[in-house]
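One structure below.
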Amino acid sequence: MTYVSPNFKTKKALKEALSAGTDVDVFQPGLGTVPYDGTVFLEGPHYPAPHSWYATGTMKDGKLVGVK
């Protein structure tokens, strides 16, 4: 799975930040890389908090541009 920074507590907060034009970093710890363009599967908040939200994100030119 892929995570975002800052560490949003809810998917709604992530969507609001993207709508406001905030840059959101996407990272994948361990093996693999985040696609430059395409679909990513997000979860949060990240460790040590238990995951409470999951989302499908769209990457374009290396930036997260949308979340469902």
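The values are calculated or read from the model by the stated rules, or taken from the named source; none is laboratory data. Being a predicted model, the structure only gives us computed values, none of them experimental. Just so you know, the surface numbers come from the protein's heavy atoms only, side chains and all, with ligands and any DNA or RNA stripped out. Shrake-Rupley method; radii C 1.70, N 1.55, O 1.52, S 1.80 Å.
With every protein chain present, what is the per residue accessible area of the chain (1.4 Å probe, Å²)?
64 Å²
Please report the antiparallel percentage of DSSP beta bridges with both residues in the chain, rounded to the nearest 5.
95 percent
Enter the accessible area of LYS60 (Å², nearest 10), with the probe set to 1.4 Å and all protein chains included.
For LYS60, the solvent-accessible surface is approximately 120 Å².
Give me the accessible area of SER52, 1.4 Å probe, in Å² rounded to the nearest 10.
80 Å²
Quick one: which residues, 5+ away or cross-chain, put their amide H under 5 Å from the amide H of VAL34? H built at 1.01 Å from N.
For VAL34, the qualifying residues are GLN28.
Helix-derived [θ] at 222 nm for the chain: sum -39500 (n - 2.57) over DSSP H runs of at least 4, divide by residue count, nearest 500? Don't skip to the end; give the middle numbers.
Details: 1 runs with 9 residues, N = 68.
Taking each H run of at least 4 residues, the total per residue is -3500 deg cm²/dmol.
Quote the Stokes-Einstein diffusion coefficient, in whole µm² s⁻¹, for the chain, based on the Kirkwood radius over alpha carbon pairs, a temperature of 10 °C and a viscosity of 1.306 mPa s.
Roughly 134 µm²/s, to the nearest whole number.
Using only alpha carbon pairs under 8 Å that are at least six residues apart, calculate the relative contact order of the chain and give it in whole percent.
35 percent
Where is the GNM fluctuation largest for the chain (alpha-carbon springs, 10 angstrom cutoff): GLY44, GLY30, GLY57?
In this elastic network of the chain, the residue with the biggest mean-square fluctuation among GLY44, GLY30, GLY57 is GLY30.
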